[in-house]
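Everything below concerns the one structure shown next.
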Amino acid sequence: MAAPIITLLTDFGDEDGFVGAVRGVLLSRAPAARLVDLAHHVPTGDVEKAARVLSRAAPCFPPGAVHLVVVDPGVGTERKAVVVEAGGHIFVAPDNGVVTYAVDSLGGVRVAHAITERAYWRPSPSVTFHGRDIFAPVAAALASGTGVAALGPKLATLYRLAAPAPEEAAGVWRGHVIEVDHFGNLITDLPVEVCGGARVRCALGSATLEGPVAAYASVDPGELVLVVGSAGTLEIAVRDGSAARRLGIRSGAPVACHPLAPPRSSKA
Amino acid sequence: MAAPIITLLTDFGDEDGFVGAVRGVLLSRAPAARLVDLAHHVPTGDVEKAARVLSRAAPCFPPGAVHLVVVDPGVGTERKAVVVEAGGHIFVAPDNGVVTYAVDSLGGVRVAHAITERAYWRPSPSVTFHGRDIFAPVAAALASGTGVAALGPKLATLYRLAAPAPEEAAGVWRGHVIEVDHFGNLITDLPVEVCGGARVRCALGSATLEGPVAAYASVDPGELVLVVGSAGTLEIAVRDGSAARRLGIRSGAPVACHPLAPPRSSKA
Amino acid sequence: MAAPIITLLTDFGDEDGFVGAVRGVLLSRAPAARLVDLAHHVPTGDVEKAARVLSRAAPCFPPGAVHLVVVDPGVGTERKAVVVEAGGHIFVAPDNGVVTYAVDSLGGVRVAHAITERAYWRPSPSVTFHGRDIFAPVAAALASGTGVAALGPKLATLYRLAAPAPEEAAGVWRGHVIEVDHFGNLITDLPVEVCGGARVRCALGSATLEGPVAAYASVDPGELVLVVGSAGTLEIAVRDGSAARRLGIRSGAPVACHPLAPPRSSKA
C-alpha cells in the first residue's frame, strides 16, 4: 500500500517556520505520511482565494489523500474545526467555507464531523496556532487510519462560501473575476460553453476583448488576450505581462460576455 | 525503522535553485532520507531570526532528525562549521549562534564537534556555497548513520547569540519584540506568566494595549490586539492586518508590561 | 531500489496551487515517486534564468532523476514538448532551450524525443496548463519506467539558448552577468581560470574591483567584493547587501576583466 498523503495549504509564507512546525508534528505522529505542499503564500486570511486553490489542486490527488488547510483568520474564536469527506478525499480545516469549492467539485459532502475530541490534539493548544496544535495532529491521526467519526460529533451543515453564480440576461452573461493568479491572469467564472463553440466578446474594466484564442502567445507580447483557462472558464491575460496590473483589476470585478455572431461570409 | 529525516532551513529563497542543489546532494548521498523544509525565506543573513525559526520548528520533529541550517553570512571565513547534539536532535550549521535557542529549548548541548574531516565533504568545496559542498554531504552522512565524533574534534564551547532577557523593576517587565512574523505580528519575549493569570497593560512604540484576549478576532478588524502567542509569550497583532506596519516597529523594539490590578467590582 | 526522483522547476510561484496540482497528478500516476523542488519563483517566463537554475541544481541529483521543467511562455503554441536524456538524467520540458546549459554540463544530448503520444497525457489537455496536463503525466510515466522512445518521434535537434561566450582581446576578457541571484550577487560567465592563479581587475557598470578574495566577508559590510562563485566563475557581491541594487545592474550586463601583474616586491 502506498504511504498516506497529507497535503498542506496555508497562508503562512516561508519565513517563520510555521509550516516547518506543522510538518514536524505531522511526521512525529504519522511517520510514514508523505507531505505534499499545495501552496503557502495564499494572501493572509483570504479564505475565498484559498478555497479556489484547494479546488484547483486537491482533486488532482488520488482518493485517500488528507488535505490539511490552515487559512484561518478566526483562529481561537468559536469557529469550528471540521473534518469533511468528499469523493474519497478527506479535508481538515476551519469551518469557514475554505473547503466549499473543492468539496463541490468532488461530488459534495459525504460526511462532516466537528473536531472536538481533545485526545487527538496536542496538549494545551495555543490560541493562535491551531495548525500546529489541532489540525496537524488530527490530520496525522486520519492519515494513520483514525476514522472521521472518532474526532467529534457529526455535523449537519458546514459554513459555505457563497460566490455569486454567473447570470444571463438578454444574451449577455455576467460573471466575475474569481481569481488573480501569480502571473496577473484574471480567471473568471464564465464557462467556455458561454461561447457556444464560437467566439465571444468580453468586457471588463476599460477593456473589450474578443476570443478565445489558442494560446497566450497568439497575440503580440504586451497585448491583452482572451483564452480558456485551465479550469475551463474564460481568462484574460497579457502576453508576457500582467492583466491585473494593466487593467487595475482585482478579484471580484464584474465581467460581461456575449457570443459573437458568426462572421458573414465575405461574398459581396 | 522510519527513514531518516533531514530538515532544511536557509535564507536562499526559491528562485535560484540553491536549495535544489542542496537537495540533490542530500539525495545523492542519503537516498533514503526524507527532506523536509523548515523555511527558506529567512531574511538574508539574519542569524537571529533563523535561530528563532529553528527554535520554533525543530523541536516539533521526532528525535533523530538532522537539522541542516544554512544562514551563513560568514561563509568562507574562519567561522567554524559544527555539528551539535541536543535532546536527540542533530544540528549541522555554521558556528554563528543560529542553533542557540533551539538547543536551549531541547535541554542544551549534549555534545558538539567541529566539521573538519574533509572526507565527508564534496571535493574542492567552493568558498561561497558551503551549504552544497560541506553542510549537505555532512548532513547526509549523519542521516546515514555516521557518528558526530567522526566529523572533527570535539568543541568545548559554541558561539552563542545573546538576546537580552526580560527584566523586572518596580513591577514593570521590560522585554523586546524578538520577531516580526509573516503576518506582521510582533512576538515578544515576555512570558504570559507575567500576567500572573490576570490582565496586563503593555506599551510599545506609540501603542498601549490591555489583554491578553482570547483570539486575534476578539477585536474588530483593523484593531490592535494583545494575545498569548504560540510560544507562550505576549504578542501584539492587528486583526486582519499588520501590527508591524501599523506601529512602524521592527524586531528588537522594547516592550514594557505590568499586571493590571484586578478591576474593582462595580458595586458603587 | 531507491524510489524514482522527480524534480520540479517552474515559474508558478506559491500562491495559486499550480504546483500543487502538478504534484497531485504526479503522485496519482507515479505513487512511489519522490517529488523534490528545484525552484518555483523563477521570474515569469524567464527561460534563460530557468536554464541557469536547472544547470545549477539538476546535476547534483543522482542519475536516473526525472527533471520536470515548466517555464513555458509559449504554452499552447506550436513549440514542442520534449524529453531529453543526458548523462543518465531525463528532462521533460518545453523545447524552448531551458535544458541547454544543464544538458551541456551533463555531456550533451544522448537522445531527444518529441512528446506527441497522447496516450501519456491527461485527456482533453488545456491550452494554458501543459504542466498539469502533459508534462506531469509524462514525467510520471518516465519515473514509472516508460522509455523515452514511447513518447513520440526522435528529434535530431533541440532549440538552444545562445548565450554569448566570453571573448578575449588584447589581454582583456569580456563576458557578462549571466544571473542575479536572491542575494543580489552578480554571477558572471568568466571562469576563474581567467585569473591565471593570480589576481584580476574587473569592471562592470560604474565599479572596478580587484580580486578574487577568499570570502564575501573578506571586506567590510556594505563593500563590493569579487569572489569565485559556486560554479567557478567570477562573482561580484556586496557584503551583507545587494550588488545588483548598489550598481543598478541586471542580468546581461557586460563585464571586463584582465589579470593584474603580480605586485612588485616592495624592496625599494
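Residues of region B:132-156 that are open to solvent by less than 20 Å² (accessible area, probe 1.4 Å) and either in a loop (DSSP other than H, G, I, E, B) or over 23 Å from residue B:31 (Cβ atoms) (or both): B:152 alone.
Looking only at residues in region B:105-131 that are of a type in the set (Val, Ile, Thr) and surrounded by fewer than 16 Cβ atoms within 10 Å (Cβ to Cβ), which one is nearest to residue C:235 (Cα to Cα)?
Initially, region B:105-131 is screened for residues of a type in the set (Val, Ile, Thr), giving B:109, B:111, B:115-116, B:127-128.
With surrounded by fewer than 16 Cβ atoms within 10 Å (Cβ to Cβ) added as a condition, the list becomes B:111, B:116.
On the way: B:111: 37, B:116: 26 Å.
For region B:105-131, the residue satisfying everything is B:116.
Residue A:55 fulfils the conditions (1) over 13 Å from the mean Cα position of the chain (by Cα); (2) not in a strand (DSSP E or B) except for a single criterion, (1). Filtered by the rule that a residue be farther than 27 Å from residue A:50 by Cβ and among the hydroxyl-bearing types (Ser, Thr, Tyr), region A:179-208 gives A:206, A:208. Here residue B:36 fulfils each of the conditions (1) free of Cβ contacts under 8 Å to residues at least 40 places away in the same chain; (2) closer than 22 Å to residue C:242 by Cβ; (3) in contact with a helix residue (DSSP H, G or I) (Cβ under 7 Å, 6 or more places away or on another chain) apart from (2). On the stretch given as region A:113-139, residues that are within 14 Å of chain B (Cβ to nearest Cβ) and of a type in the set (Lys, Arg) total 2. Every listed requirement among (1) surrounded by fewer than 22 Cβ atoms within 10 Å (Cβ to Cβ); (2) over 21 Å from the mean Cα position of the chain (by Cα) is met by residue C:161 save one, (2). Looking for something under 30 Å from residue C:95 (Cβ atoms), open to solvent by 20 Å² or more (accessible area, probe 1.4 Å) and within 10 Å of another protein chain (Cβ to nearest Cβ) - is there at least one such residue anywhere in region C:173-187? There is at least one residue in region C:173-187 that is under 30 Å from residue C:95 (Cβ atoms), open to solvent by 20 Å² or more (accessible area, probe 1.4 Å) and within 10 Å of another protein chain (Cβ to nearest Cβ). Among the residues making up region A:251-268, those that are open to solvent by 60 Å² or more (accessible area, probe 1.4 Å), assigned to a loop (DSSP other than H, G, I, E, B) and modelled with pLDDT under 95 are A:261, A:262, A:263, A:264, A:265, A:266, A:267, A:268.
Given the structure, is residue C:31 more than 10 Å from chain A (Cβ to nearest Cβ) and in a loop (DSSP other than H, G, I, E, B)? Here the answer is no, as residue C:31 does not meet what is asked.
Of the residues C:192, C:213, C:227, only one is in contact with a strand residue (DSSP E or B) (Cβ under 9 Å, 6 or more places away or on another chain), among the β-branched types (Val, Ile, Thr) and modelled with pLDDT of 95 or more; which?
Of C:192, C:213, C:227, the one residue that is in contact with a strand residue (DSSP E or B) (Cβ under 9 Å, 6 or more places away or on another chain), among the β-branched types (Val, Ile, Thr) and modelled with pLDDT of 95 or more is C:227.
Contact annotation: residue pairs with Cβ atoms under 9 Å, 6 or more positions apart or on different chains, pairing a residue in region C:108-131 that is in contact (Cβ under 8 Å) with a residue 60 or more places away in the chain with a partner that is among the aromatic types (Phe, Trp, Tyr) and assigned to a loop (DSSP other than H, G, I, E, B), are C:130/C:121; C:131/C:12.
Within 14 Å of chain A (Cβ to nearest Cβ) and open to solvent by less than 20 Å² (accessible area, probe 1.4 Å): is that true of residue C:92 in this structure?
Spelling it out, it is not the case that residue C:92 is within 14 Å of chain A (Cβ to nearest Cβ) and open to solvent by less than 20 Å² (accessible area, probe 1.4 Å).
Picking from A:236, A:187, A:178, which residue would you name as being over 25 Å from residue C:77 (Cβ atoms) and of a type outside the set (D, E, K, R)? So that I can check it myself, show each step before the final result.
Working: A:236 fails: over 25 Å from residue C:77 (Cβ atoms); A:187 fails: over 25 Å from residue C:77 (Cβ atoms).
A:178 is the lone residue from the list that is over 25 Å from residue C:77 (Cβ atoms) and of a type outside the set (D, E, K, R).
For region A:6-24, the count of residues that are open to solvent by less than 20 Å² (accessible area, probe 1.4 Å), within 19 Å of residue A:158 (Cβ to Cβ), hydrophobic (A, V, I, L, M, F, W, C) and more than 8 Å from chain B (Cβ to nearest Cβ) is at least one. Contact map, region C:1-30: first residue more than 21 Å from residue C:60 (Cα to Cα) and basic (Lys, Arg), second residue part of a helix (DSSP H, G or I) and open to solvent by less than 20 Å² (accessible area, probe 1.4 Å), Cβ cut-off under 6 Å, separation 6 or more or different chains; pairs are C:29/C:137; C:29/C:140.
Filtering region C:188-201 to residues that are touching a residue at least 60 places away in the same chain (Cβ under 8 Å), within 14 Å of another protein chain (Cβ to nearest Cβ) and not polar (S, T, N, Q) leaves only C:195.
Rundown of residues vs (1) open to solvent by less than 30 Å² (accessible area, probe 1.4 Å); (2) closer than 15 Å to residue C:178 by Cβ; (3) in contact (Cβ under 8 Å) with a residue 24 or more places away in the chain, yes/no style:
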{"site": "C:209", "(1), (2), (3)": "yes, no, yes"}
{"site": "C:212", "(1), (2), (3)": "no, no, no"}
{"site": "C:219", "(1), (2), (3)": "yes, no, no"}
{"site": "C:225", "(1), (2), (3)": "yes, no, no"}
{"site": "C:235", "(1), (2), (3)": "yes, yes, yes"}
{"site": "C:247", "(1), (2), (3)": "yes, no, yes"}
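Each residue in region C:47-84 was checked for being free of Cβ contacts under 8 Å to residues at least 40 places away in the same chain, more than 10 Å from chain A (Cβ to nearest Cβ) and open to solvent by 50 Å² or more (accessible area, probe 1.4 Å), and 1 pass. Restricting attention to region B:15-51, the residues being over 24 Å from residue C:187 (Cα atoms) and of a type in the set (Asp, Glu) number 2.
Hey, does region B:161-172 have a residue that's at pLDDT 95 or above and within 14 Å of another protein chain (Cβ to nearest Cβ)? No, because not a single residue in region B:161-172 is at pLDDT 95 or above and within 14 Å of another protein chain (Cβ to nearest Cβ).
Which members of region A:157-212 meet the condition of being outside any strand (DSSP E or B) and of a type in the set (Phe, Trp, Tyr)? Before the answer, list the steps.
Within region A:157-212, the first condition is being outside any strand (DSSP E or B), and the residues that meet it are A:157-166, A:170-171, A:181-185, A:192-199, A:205-206, A:212.
Within region A:157-212, A:159, A:183 meet the criteria.
Looking at A:177, A:200, just one residue is within 25 Å of the chain's Cα centre (by Cα) and not aromatic (Phe, Trp, Tyr), and that residue is A:177.
Before we move on, is residue A:231 surrounded by 19 or more Cβ atoms within 10 Å (Cβ to Cβ) and either part of a helix (DSSP H, G or I) or basic (Lys, Arg) (or both)? The answer is no for residue A:231.
The values are calculated or read from the model by the stated rules, or taken from the named source; none is laboratory data. What you see is a predicted model, and the numbers here were worked out from it, not measured in a lab. Here the Cβ is made from the backbone with ideal geometry for all residues, glycine too, and neighbour counts use every protein chain on show. These area figures cover heavy atoms from the full protein model, side chains too; ligands, DNA and RNA do not enter into them. Shrake-Rupley method; radii C 1.70, N 1.55, O 1.52, S 1.80 Å.
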